[in-house]
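A short worksheet on the structure shown next.
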């Protein structure tokens with residue numbers, strides 16, 4: 001383990017992160033917030049720690065290895081959660097404790113969208129902007145942004161990139177150099193955010209709400225600047241815009257880049273994962289519409305279909321925006337909608353969950369096992385996009401699925417052990433592990449009233465989900481620490 005190189009990169013990441021406190025400070029200054037000290041103190045702490053780590057090791061030029069990259073990513077996400085909590089904890093208007101501040105910070109960075117805050121409409125604008133910004137930085141991963149500039153100081157970023165990007169096939173690039181790949185992905189990400197913000201503004205949002213909700217939409221984060229979330233606007237055109245950009249956020253950023261570079265939609269049409277994602281959405285939506293037509297009076301059909309479409313997209317993309325609806329629904333419907341978050345969006349996107357490509361590979365492998373029952377001596381190959389997938393990848397996907405089920409079960413029982421009832425514990429587990437945001441029962445709206453133990457279990461769950469479980473679990477293997 002190259003601890004000097006790890007310390008140097010950690011210092012660099014903290015220095016970069018320190019400057020993210022400046023935009024909310026400016027917003028707070030312009031909007032007349034009563035105090036700006038939380039951002040000033042946070043900036044000084046992050047910058048001071050970063051410089052203390054980086055400067056003594058500035059001349060170290062060792063390349064990060066795979067294990068170093070894994071450790072850096074895990075350490076930095078933990079550090080992000082702790083440092084990101086400082087403004088929340090120091091802001092007197094919030095009146096929250098340290099555990100709640102860390103939960104809110106980690107929820108933002110992991111684009112979960114679960115919150116402990118209430119009374120958003122009267123909160124300082126700087127803090128509200130800061131919450132939205134956290135999701136945007138965490139959506140594609142601040143580490144991927146830093147990787148783009150690491151060659152300038154002689155730090156290779158391959159291992160960080162491979163650890164940060166989600167999905168079973170992480171070695172695929174959109175450019176020859178890893179730094180160029182990171183830059184390309186962030187340019188697409190920023191472009192989508194700008195387009196979303198402009199449309200929200202044209203449709204009637206204030207600039208503050210438009211930018212804040214664009215951050216939350218494209219990052220599939222789900223935080224809002226209002227307690228009522230998207231219901232605050234009650235505008236169908238805004239909902240449609242949000243639905244489109246949530247789906248774009250749940251689509252691989254690399255696919256957007258290739259489509260723009262080739263100036264063609266063929267790259268989308270060739271993606272087996274994207275087509276499977278669209279098929280799942282259509283199947284779930286048809287099931288929801290059928291439920292509405294059977295269980296609701298005719299005059300409620302239109303509003304029911306509108307509500308179901310928005311909730312399906314916001315949960316399957318693991319965004320978690322809220323859209324209130326007073327119509328009583330069958331008990332299974334909210335559970336079904338929340339369960340779609342277990343599938344999540346595409347790999348290489350901002351969404352959480354198991355990822356569609358894994359579900360696609362598992363379904364095709366399962367189909368091959370059925371075929372073998374008919375033809376025991378047959379050779380069946382799993383293909384994706386016309387290419388044969390190696391048995392090693394299939395094995396890794398099965399291992400990930402098994403680990404996901406195991407971790408889900410452990411967190412579920414821990415949530416119950418902290419005092420939640422079965423329904424609330426199930427909802428809280430899905431909400432935090434998949435980055436969906438809203439849960440069921442007592443955590444359907446927020447986590448403001450849960451115990452401190454529940455908050456810490458949820459915090460660990462969010463980090464496990466964001467880092468795709470294996471990245472964290474591998475640290476507990478003795479061989480990881482051996483030379």
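Structural remarks
- Flag for residue 401 being surrounded by 13 or more Cβ atoms within 10 Å (Cβ to Cβ) and farther than 19 Å from residue 113 by Cα: yes
- Yes/no for residue 274 being within 20 Å of residue 141 (Cα to Cα), in a helix (DSSP H, G or I) and touching a helix residue (DSSP H, G or I) at 6+ places or on another chain (Cβ under 8 Å): no
- Some residue of the stretch 180-195 being closer than 19 Å to residue 66 by Cα, in contact with a helix residue (DSSP H, G or I) (Cβ under 8 Å, 6 or more places away or on another chain) and modelled with pLDDT under 95: yes
- Meets criteria (more than 25 Å from residue 476 (Cβ to Cβ), surrounded by 15 or more Cβ atoms within 10 Å (Cβ to Cβ) and in contact (Cβ under 8 Å) with a residue 60 or more places away in the chain) for residue 113: yes
- Only one of the listed residues (15, 27, 22) is buried (at least 19 other Cβ atoms within 10 Å of the Cβ), over 23 Å from residue 98 (Cβ atoms) and at pLDDT 95 or above. That residue is 27.
- Selected residue (only one of 305, 313 is surrounded by 15 or more Cβ atoms within 10 Å (Cβ to Cβ), modelled with pLDDT under 90 and in contact with a helix residue (DSSP H, G or I) (Cβ under 9 Å, 6 or more places away or on another chain)): 305
- Residue selected from the stretch 378-398 under the condition within 21 Å of residue 470 (Cα to Cα) and free of Cβ contacts under 8 Å to residues at least 60 places away in the same chain, by the criterion nearest to the chain's Cα centre (by Cα): 398
Here's the yes/no breakdown for (1) modelled with pLDDT under 90; (2) surrounded by 21 or more Cβ atoms within 10 Å (Cβ to Cβ); (3) closer than 23 Å to residue 322 by Cβ:
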| position | (1), (2), (3) |
| --- | --- |
| 96 | no, no, yes |
| 101 | no, yes, yes |
| 106 | no, yes, yes |
| 109 | no, yes, yes |
| 128 | no, yes, yes |
| 154 | yes, no, no |
| 175 | yes, no, no |
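- Residue count for the stretch 407-426 under the criterion of being surrounded by fewer than 18 Cβ atoms within 10 Å (Cβ to Cβ), at pLDDT below 95 and in a helix (DSSP H, G or I): the result is 2.
- Within the stretch 271-287, the only residue that satisfies the criterion of being touching a strand residue (DSSP E or B) at 6+ places or on another chain (Cβ under 8 Å) and farther than 17 Å from residue 351 by Cα is 272.
- Taking the numbered list (1) more than 19 Å from the chain's Cα centre (by Cα); (2) on the phi < 0 side of the Ramachandran plot; (3) in a loop (DSSP other than H, G, I, E, B) in turn, residue 436 passes all entries but (1).
- Candidate set from the stretch 454-480 (those that are surrounded by fewer than 20 Cβ atoms within 10 Å (Cβ to Cβ) and free of Cβ contacts under 8 Å to residues at least 60 places away in the same chain); member that is farthest from residue 416 (Cα to Cα): 479
- Filter result (modelled with pLDDT under 80 and either under 33 Å from the mean Cα position of the chain (by Cα) or loosely packed, with under 12 Cβ neighbours inside 10 Å (or both)) within the stretch 279-299: 297, 298, 299
- Residue, farthest from residue 476 (Cα to Cα), within the stretch 69-94, restricted to residues that are in contact (Cβ under 8 Å) with a residue 60 or more places away in the chain and surrounded by fewer than 21 Cβ atoms within 10 Å (Cβ to Cβ): 79
- Checking each residue of the stretch 220-237 against the condition of being surrounded by fewer than 21 Cβ atoms within 10 Å (Cβ to Cβ) and either farther than 22 Å from residue 438 by Cβ or modelled with pLDDT of 95 or more (or both) gives at least one match.
The values are calculated or read from the model by the stated rules, or taken from the named source; none is laboratory data. Everything quoted here is computed from the prediction, not taken from an experiment. Note: ideal-geometry Cβ built from the backbone for every residue, glycine included; neighbour counts use all protein chains shown.
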